Amino acid sequence: MSPKISTTILLLFALLTFSKANAQEKATYPKNEFRAVWIATVVNIDWPKDKVDSVDKQKADFIEILETYKKLNYNAVIVQIRSVGDAFYCSKYAPWSKYLTGKEGQAPSPYYDPLEWMITEAHNRGFEFHAWLNPYRATMDLNTAVLSPNHDYFKHPEWMIKYGEKYYYNPALPEVQTHLIKVIEEVVTNYDIDAIHFDDYFYPYKIPGQAFNDTTSFKEYGNGMSLEDWRRLNVNNFVKYTAYTIKTIKPWVQFGISPFGVWRNKSVDPKGSDTQSGQTNYDDLFADPIEWMEQSWVDYLIPQLYWSMDHKTASYSKLLKWWAQNSKNAAIYIGNGSYKVNTDSDKKWFNPNEIPNQIDITRTYKNIGGNAFFSAKSFVNKNKAVTDLLLEKQYKYPALPYVVPRNNNKIVEAPTICNTSKTADCHTITLDYPSKSKMRYVMVYGAKNNETIDANNPSQIIDKIAFKETKDSISIHIKKDFLDKDSTYALSFVDLYGNESDVTLLKNTTENKINPNKLDNGERQ
């Protein structure tokens, strides 16, 4: 993320005028919507709260984040597991992060695998887990004395470029790209993640008066291209190889990127936005999200629109419209700057309706499927006026994320009930283990007063239960709180791609009916 840049690099926006051709009214309470939060670990922004926290405190604090956002009906966490050539997991290619243990290269004590644990805890609460990595940033400062001997700064000094107060991996070197692909491959292979996620740091944001010194590499590999086109090619190649690597190993694992909010200025490209941004993706970060979508290398983009809706120099509303008009071949979600609530110089952020209004306007665009919020600490025991509004209105009911774009596994077998039993506290249902598809969740729906079960109605979602058993049968439990003699219940499966099966009625009477319409599965077009 790059919040420090947000208020300085854009100039004038006009007010948004809605076009009927580009806007479409959505359901007030959508069944499918992406609702994510970034959990930043670099310099202990969100978690762990302190790099010397005990393992028990780390776990308690992470669970507090999950429970906070579960109550708010979010459904995805984007957790930073690599920020500066380090790792929040046991890696062959990077040392343990100092933001986890206080000393780079030092494993947690008592030992546990934080990534595996976080994934399990997230899935158990119904969240997708998006593993967020910063590929190119090697350090946060120039104090290399605190780096592990196993950091790439020492193992491969020829890969590093000093720029400003940090070191970066040289994106041009084939051996760097090969190494970073191995990093991705290791995570996808070893962990049950739902997505690999990059943020906006590709080539670094420009520093006035300083040049990113890749001259030697350009002479060797430039092949007659302009410097700018060559740098974009380096980034494009890495994005392409990352996508290929992920889908070859686990085709259900998504690849998402959260670029800076402005692609190009209209002053240099008529296809760009009506902005005068001091830096842009294409011209300064050498990142081209439009190309990534056109080539179908990414499953989703989350452009960072960290401004208020009618900001005098950078309107959220206008940039939202630009991304809606320029999306193709990928899901588009919007990144919102919740870190600004009650803290920013723009006084619009002191209005508790700013975030709810941003969600409302986002929902008017049929090809934009939800929002992600930077960062997690914004709503953990903070800004209650905003969270109360979200829970009362926009996020009143749960929602399922959309299915993985372009997946071909759309037929999911429905649950088969083989046994039920009741106690004073819960209703236990045993299901046959699905034989044809790998599942992620069992969905539980309930309708009171003998009403019809409608699995497209999010108000009827009771629970989302993670698969734990691996064979034979599955036992799930409906808590006493949800039991009612006049209620009807139904179950469905959700597979690894996010496809949902037809529902199986659990309790039925002559008056109870199930909506005969097949679920739409939340497929993005």
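The values are calculated or read from the model by the stated rules, or taken from the named source; none is laboratory data. On a predicted model such as this, the values are computed, not experimentally measured, just so you know. Cβ coordinates were reconstructed from backbone atoms using ideal geometry, including for glycine residues, and neighbour counts include every protein chain displayed. Keep in mind that these areas ignore ligands, DNA and RNA; they rest on the heavy atoms of the full protein, side chains included. Shrake-Rupley method; radii C 1.70, N 1.55, O 1.52, S 1.80 Å.
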>> Exactly one of these conditions fails for PRO48: (1) in contact with a strand residue (DSSP E or B) (Cβ under 9 Å, 6 or more places away or on another chain); (2) surrounded by 22 or more Cβ atoms within 10 Å (Cβ to Cβ). Give me its number.
In response: (1)
> Pick from segment 309-334 the residues that are small (Gly, Ala, Ser) and in a helix (DSSP H, G or I): which of them is nearest to GLU294 (Cα to Cα)?
Replying inline: ALA324
> Any residue in segment 291-312 that is crowded, with 23+ Cβ neighbours inside 10 Å, aliphatic (A, V, I, L, M) and at pLDDT below 95?
Replying inline: no
> Just to be sure, is ALA372 out of contact with any Pro (no Cβ under 9 Å at 6 or more places or on another chain), of a type outside the set (S, T, N, Q) and assigned to a loop (DSSP other than H, G, I, E, B)?
Replying inline: no
>> Could you tell me how many of the residues in segment 216-249 are buried (at least 16 other Cβ atoms within 10 Å of the Cβ) and hydroxyl-bearing (Ser, Thr, Tyr)?
In response: 4
> When residues of segment 375-397 are filtered for being assigned to a loop (DSSP other than H, G, I, E, B) and either closer than 17 Å to ARG363 by Cα or of a type in the set (Val, Ile, Thr) (or both), how many remain?
Replying inline: 6
> What single numbered condition from (1) under 16 Å from GLN177 (Cβ atoms); (2) more than 20 Å from the chain's Cα centre (by Cα) fails to hold for ALA287?
Replying inline: (2)
> Applying the selection to segment 232-273, what residues are part of a loop (DSSP other than H, G, I, E, B) and β-branched (Val, Ile, Thr)?
Replying inline: VAL253, VAL262, VAL268
> Looking at segment 430-487, what strands (runs of 3 or more DSSP E) fall wholly within it and have at least 2 residues that are open to solvent by 50 Å² or more (accessible area, probe 1.4 Å)?
Replying inline: 473-479
> Does TYR365 satisfy the condition of being within 19 Å of PHE127 (Cβ to Cβ), at pLDDT 95 or above and either out of contact with any Asp or Glu (no Cβ under 7 Å at 6 or more places or on another chain) or in a helix (DSSP H, G or I) (or both)?
Replying inline: no
>> Quick check on my filter: what residues within segment 191-215 are farther than 19 Å from ARG232 by Cβ and free of Cβ contacts under 8 Å to residues at least 24 places away in the same chain?
In response: PRO208, GLY209
> Residues of segment 120-149 being assigned to a helix (DSSP H, G or I) and either open to solvent by less than 10 Å² (accessible area, probe 1.4 Å) or among the basic types (Lys, Arg) (or both), which ones?
Replying inline: ALA122
>> Can you tell me which residue is most open to solvent (accessible area, probe 1.4 Å) among those in segment 69-116 that are assigned to a loop (DSSP other than H, G, I, E, B) and within 15 Å of ARG137 (Cα to Cα)?
In response: TYR93
